[in-house]
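Computed from the coordinates by the stated procedures, all read-outs in this text should not be read as laboratory data. Please read all numbers here as calculations on a predicted model, not as lab measurements. With ideal geometry, Cβ positions are generated from the backbone for all residues, glycine too; neighbour counts draw on all protein chains shown.
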Amino acid sequence: MTGQTLLIVEDDAAFAATLRRSFERRGYEVLVADSYEALTELLTTHRPSRAVVDLKLGGASGLMCVQALHAFDPAMRIVVLTGFASIATAVEAIKLGARHYLAKPSNTDDIEAAFERGAGDAEAPLGARASSIKTLEWERIHETLAGADFNISETARRLGMHRRTLARKLAKRQVI
């Protein structure tokens, strides 16, 4: 039993409930906030020692939550979870006080391990090769799709491609 208080900041109620149950089984007292506003309200009455923050909260950025949590308690262990991983947001999350940054899907074991990792790993293997053009294209499409609230027509317009072409590309790879 850990006896620690964990705060989950996640707007997907089903995912938040799954995480909550999993961490409660491990002995955590778990609080859940679904927005920045709910987070600030919870912090008036609770003092969590750990937090899991979703990077994208509806139309808002979870980075604001990371910043608020770090300002509230610089010793808090914060892990950012995201389905929209990018180098830029990873760097910003760490600068704002997150301990680690994990791409979804991540399980409870991954998150607990990230809480415990304090320093970086100078022995981390470097990628053997750069990302492929297809991977870079897919990441750009996915990022733009999320920014357009998953509206295919608007995403196609922002990317400067025909809607049917985008639909075919999306059909080839499942959107997470």
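Estimated at 0.36 nm per residue, the fully extended path between residue 109 and residue 46 surpasses their Cα-Cα distance by 20.2 nm. Of (1) 1.88; (2) 1.13; (3) 1.07, which is the value of Cα Rg over 2.2 N^0.38 Å derived from the coordinates here? Correct label, based on the coordinates given: (2). Taking 0.36 nm per intervening residue step and subtracting the Cα-Cα distance, what contour gain separates residue 5 from residue 134 on full extension? This chain segment gains 42.3 nm when fully extended. Each of 44, 5, 82 was scored by other Cβ atoms within 10 Å of its Cβ. Listed from fewest to most, they are 44, 5, 82. Among 100, 142, 162, a tally of other beta-carbon atoms within 10 Å of each Cβ gives an order, fewest to most, of 162, 142, 100. Comparing 112, 29, 137 in a Gaussian network model of the chain (Cα springs below 10 Å), the most mobile by mean-square fluctuation is 137.
Whole-Hz Karplus values for region 65-76 come out as 5, 4, 4, 5, 5, 5, 5, 5, 8, x, 8, 4 Hz, taken residue by residue from phi with 6.51 cos²θ - 1.76 cosθ + 1.60 and θ = phi - 60°; glycine and proline positions read x. The stretch between residue 13 and residue 94 holds 26.6 nm of extra length on full extension. This uses 0.36 nm per residue minus the Cα-Cα distance.
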